[in-house]
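Here's the structure, in structure tokens; my notes come after.
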Amino acid sequence: MLKTRSIGTQFALVFLTALALLCAAFYWMLNQVYYSQLKSQAETVADNVDAFGSWVAKYGRVWVRDNDDSYLGHLNLYLKEAQAQDQKPAGSSVTDQVALKEVSFFSKNPALAQREFSEVIEKSPSKAKFKLTSHNYMNPSNRPDAFEERALKVVRESKQGEYIEMLPGTFRYARTVYHKAACLSCHGDPQGAPNDVKVRYGLERGFGFKEGDVAGVISVRLPLRSFSDVALSVIKPWQLALILFAFLLCFVFIRYAIVARVQRLTVAAAALSKGQVADLGLKGVPASSSNEIHQLAHALDRLKASIEIIAARMRGGQKR
């Protein structure tokens, strides 16, 4: 049993138990901090995506130059460009030649602009990736994956604003997106949708929404780091070495300041019980010492003196 073990052994077991409890508490707190950090990062990504979509929606759609990868609406313009001559005649000033240049502009609505934005992020070094998806998606490229299907089901049924899952190696976050009045021109009545939308995507999906309906989710994914990587980012090896040194320091103190002195008093008490001379280690130790080991030694010394007095009286009585 533990109470029959040496004080050093008991101390080591208690210290290791306390250390294990502290490690468990540290693990739980670090997990909570890491989870909160991931959630905060995902929320920031969703905020930026939502803000970008709102900016595009403010103008209905935006026009970009010379980008026909995907678009809704096409416009040819002729721009006047001033070109300075590379060479100028001697004694004359630089003359400007005005040339007409044909330039193509392509329109992007909010959903298309956000999707292309997500594709740029997907190819970038950024660890945070995102995607907009819906249960009633218009563009096949926005088809939800397994996590997003679960998120869409939960946010539509429970009306909650976000959904989170910790998957192997990945933190997944979904922010609910609601249809605004500006969105209904493309996603409301299919017959009233812009002709370029109907031509590009057809009339089967992405329509029938009303203002305030769940439009879909902004799906964000972040890579998960291992617990060892997260822990070592908080506690460095030299800090672990300090914890080990603290344990060794405590153990050495228990061993020499308590255990060794108790063992010495035990040997002295055994010698006293046999009438032998015993060294209680009181040389230079005042009786007023606050050290409990010193107080025990002084008590044994007084007990020794009392026993000697009693023994002397018993011998004197026997002589009479």
Report summary line: Connecting every pair of Cα atoms under 10 Å apart in the chain and solving the GNM, the largest mean-square fluctuation among P223, P190, P125 falls on P125
Report task. Using a 1.4 angstrom probe on the protein heavy atoms only, line up R61, R115, R5 by accessible area, largest first. Result -> R5, R61, R115
Requested in this report: Could you provide, to the nearest whole Å², the per residue accessible area of the chain with probe 1.4 Å?
Outcome: 66
Requested in this report: At a Cα cut-off below 12 Å, give the aspartates and glutamates reachable from K159, other chains included and same-chain residues fewer than 8 away excluded.
Outcome: D213
Requested in this report: Tell me which label goes with the value of Kirkwood radius over Cα pairs in Å computed from the coordinates here: (1) 21.7; (2) 21.1; (3) 28.3.
Outcome: (3)
Requested in this report: Given a cut-off of 19 Å, name the pairs among K39/K129; K58/K123; K274/K304 whose C-alpha atoms lie farther apart than that in the structure shown.
Outcome: K58/K123
Query raised in the report: Using a 1.4 Å probe on the protein chains only, how many percent of the accessible area of the chain belongs to carbon and sulfur?
Result: 59
**Report entry** Reachable lysines from K101, criterion Cα separation under 16 angstrom, eight or more residues apart if same chain
**Finding:** K80
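The values are calculated or read from the model by the stated rules, or taken from the named source; none is laboratory data. Everything numeric here is computed off the predicted structure, so don't read it as measured data. Side chains included, ligands, DNA and RNA excluded: accessible areas come from the protein's heavy atoms. Shrake-Rupley method; radii C 1.70, N 1.55, O 1.52, S 1.80 Å.
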